[in-house]
Each structure stands twice: as C-alpha cells, then as structure tokens.
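Everything below concerns the one structure shown next.
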Amino acid sequence: LVNQVVSHLIQAIRSKDGSFSSIERLGAGSYYEHVKISEPNEFDIMLVMPVARLQLDECDDTGAYYYLTFKRNPKEKYLLKFLDEDGKLSALKMLQALREIIKREVKTIKNVEVTVKRKKAGSPAITLLIKNPPSEISVDIILTLEVQQSWPPSTQDGLKIEQWLGRKVKGEFRNKSLYLVAKENKKEKVLRGNTWRLSFSHIEKAMMNNHGSSKTCCESDGPKCCRKGCLKLLKYLLEQLKMKYTKELEKFCSYHVKTAFFHSCVMWPKDTDWHWADLDHCFRKYLGYFLDCLQKTQLPHFFIPQYNLLSLEDKASSDFLSRQINDQLNNRFPIFQE
C-alpha cells in the first residue's frame, strides 16, 4: 500500500516542475533496518535529490546544522528560486513547494484514501496518512539533498568503528555522499527555515544490516548474535514508557536508543560479546550504558562527537527516564508483560 502511494507521488513530483525531477527514493529508519517493533504502521521515506556543488557553513557549535550556499553558478538553475535574500538555500521554501505538489497529487490517487497531515513546527517531514481500516499508516516524507563531497570537519572523530567493523568499512562509509535534511535548528534566535542538518541514515542502515565483526554474523547459516534483539528491546521499552508518560518523555525518541546502541557495538566490538544465548546479559550491559548516558546527560552523536543529543536543559526529563528505567530493571520489566 505504502509503495503504491509513494511511487505514484514520486512520478508526479518528478514530472511537475523541473525543481524535483531528479529525486530518488530511499527507505530509511527502523522498518528498512529490520528493527521495527509492533506493527508496520510508520514509514520514513527519504526523497533524495543530488546537488553538485554546495558550500556548507556551520551555523552553531553542534557541527550538525549548516547553511547551504551555491559555489559559483550552479548547474541546478532550477534551485535558484529556493534561495533566500542572503543567497542561502531555504529548506522552508523547498519544503513548501514539495508540500504543495504532494497535496495536489494525493487527491488524484484512486482506491486509497490519503491525506497530508498538518505541518508540525520544526519538523523536516511531510507526513501522509493512509487509511487502512481498521487503522492508519503514517508515512514521513523527508526531503534530502545528496552532495558528492567530503564530510565536514565536525565528523572527523566520529564513526569509531575500526575495532568493530574494520578500517576498510570505515573508509568505504566515509567515501559515500553526504546527506542533508531540511531541519530547523531550534537554537537559532530567528527561525528563518534555512538550516539543514547532516543525516547519516544511509550509513546507519548499512551498519544495521551488516552489523557483525565477522562477515557471516546472522546470515542464514552463520552464527546468530543478539545485537538487534537488544536494540528492539530498548526501543520497545522507550516506546511503552513514552505512551505512559507522553509529556515527560516528549524529548526522547528512538534515535537516542539507536545512538547508544552504536556506541555499545563499539565498546563491545566482537560477535562473541553478543552471543544469541546471552541476550539477557547483553541487554543489561547496553541498558547500563544508556542509563549512564542519562545520568551524565551526555550522549554524543555517533558521527559528530561534539554534538550532545542530551542537552543539559533537559536534565529533568533525563532523570525522569532514568528513574522509570531503573524501576523497570529492578522489577523485572513489568512493562514487557503488559
């Protein structure tokens, strides 16, 4: 159902006006990394648009957010209409244009009821709701620029996977293009909608799908590890707690859990550290590390180490989550039984 709707939209977006004629789709997020828990009712689809030469200027000290301007006269003349008055590429303008096309197009889709959800402030996604009785499927469409150039300096000390996946794999990853998603930077005094955030979804997906230090880990006839099992458990735990304490835990999302997971894979790099039979023990180690991060309010982005995903102004919610998890841990996870 999702593929049918998305394919229809992509065809339409490509043909409408020249601006988006080069987009390709990339499935990202948990469903495509095979770590989706509960039912498949949420999908992230990145619409990837190749751009030749961009200049990236950091717009704060996180190293994750950038202003984009064109070097010399761009090949992509059709993008010039998306520049703001300072000559910066405006994520807001591009998203609005894409949103308009999608809103027009969903009306023409036969035999499926699709609506476009109202824009959420600061969200980089255009969310589609697909009626699929008795429930509803939500699809986040994320506008992504693909730039063929070297990764910015802020990523220099990230992706420490040498011991886990090897130096060669690291080199291959770092040679892949850079992805930027249209995302407002909350730290800006005036939100003009012209900031973009680095995205490593394509690398994260590759790490998830080839997660062993040996090549055969979790292949049909290879040894099984419990890495993904651990990640799913902690994702589920957070998901359940968020349902219970929506307000208190709104700052947390599965990306926090996933980042802690990658750090854990680096701390325990061998497949023997994650024996399938030791799920319980491994989960507790990983959970211990995550609790440690919450306690210190320190969870460095896996690719941009200077960027802390837990800010000190959210210390109260980190403490709250920490208490809830400890409570579950000490009572043998009643929430898994519910």
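Per residue and in cubic angstrom, what volume does the convex hull of the Cα atoms of region 211-336 have?
104 Å³
If Lys and Arg each add +1 and Asp and Glu each add -1, what is the summed charge of the other residues whose beta carbon sits under 10 Å from the beta carbon of Met49?
Summing Lys and Arg as +1 and Asp and Glu as -1 gives -3.
Under the Karplus relation 6.51 cos²θ - 1.76 cosθ + 1.60, θ = phi - 60°, what is the ordered set of whole-Hz ³J(HN,Hα) values for region 129-146, x standing for Gly and Pro?
10, 10, 5, 9, x, x, 10, 9, 10, 10, 10, 8, 9, 10, 6, 10, 9, 10
Which sequence of Ser90, Ser30 reflects their accessible areas, 1.4 Å probe, from the largest down?
The ranking, largest first, comes out as Ser30, Ser90.
Quick one: what do you get for the chain if you divide its Cα Rg by 2.2 N^0.38 Å?
It is 1.03.
Against the empirical 2.2 N^0.38 Å scaling, what ratio does the C-alpha Rg of region 93-192 come to?
1.48
Using all Cα-Cα distances in region 1-201, what percent lands in each 5 angstrom bin from 0 up to the longest?
For region 1-201, the pair-distance distribution reads 1, 7, 14, 18, 19, 16, 12, 8, 4, 1, 0.
Considering only DSSP states other than H, G, I, E and B, which trypsin sites (Lys or Arg not before Pro) in region 241-331 qualify as loop sites with at most 10 other Cβ atoms within 10 Å?
Those satisfying the criteria are Lys247.
Quote the FRET efficiency, to the nearest 0.05, computed for Gln163 versus Leu312 with a Förster distance R0 of 25 Å and r equal to the Cβ-Cβ distance.
The formula returns an efficiency of 0.25 here.
For every other residue with a beta carbon closer than 15 angstrom to the beta carbon of Leu159, add +1 if it is Lys or Arg and -1 if Asp or Glu, then tell me the sum.
Charge balance near Leu159 sits at +4.
Could you tally the net charge around Ser177, taking each other residue with its Cβ under 13 Å from the Cβ of Ser177, Lys/Arg +1 and Asp/Glu -1?
Every neighbour counted, the sum reads 0.
Using a 1.4 angstrom probe on heavy atoms only, work out the carbon and sulfur share of the accessible area of region 2-44 in %.
Ligands and nucleic acids excluded, carbon and sulfur reach 46 percent.
So how tilted is helix 91-106 from the main axis of the chain? Cα-based, degrees 0 to 90, rounded to 10.
So the helix axis and the longest Cα principal axis differ by about 90 degrees.
Measuring with a 1.4 Å probe in the full set of protein chains, what accessible area per residue, in whole Å², belongs to the chain?
It amounts to 50 Å² per residue over the chain.
Give me the one-decimal nm value for the distance between modelled label points at Ile37 and Val112, 7 Å along each residue's Cα-to-Cβ direction.
Distance between label points: 2.7 nm.
Past 25 Å, Cα to Cα: identify those pairs from Lys117/Lys247; Lys176/Lys258; Lys107/Lys183; Lys120/Lys258; Lys183/Lys247, in the order given.
Over 25 Å apart, Cα to Cα: Lys107/Lys183.
Measuring from centroid to centroid over Cα atoms, what is the spacing of region 137-176 and region 252-298 in Å?
20 Å
The values are calculated or read from the model by the stated rules, or taken from the named source; none is laboratory data. Quick caveat: nothing in here was measured; it's all calculated off a predicted structure. Note that we place each Cβ from the backbone using ideal geometry, even for glycine, and neighbour counts take in every protein chain shown. These area figures cover heavy atoms from the full protein model, side chains too; ligands, DNA and RNA do not enter into them. Shrake-Rupley method; radii C 1.70, N 1.55, O 1.52, S 1.80 Å.
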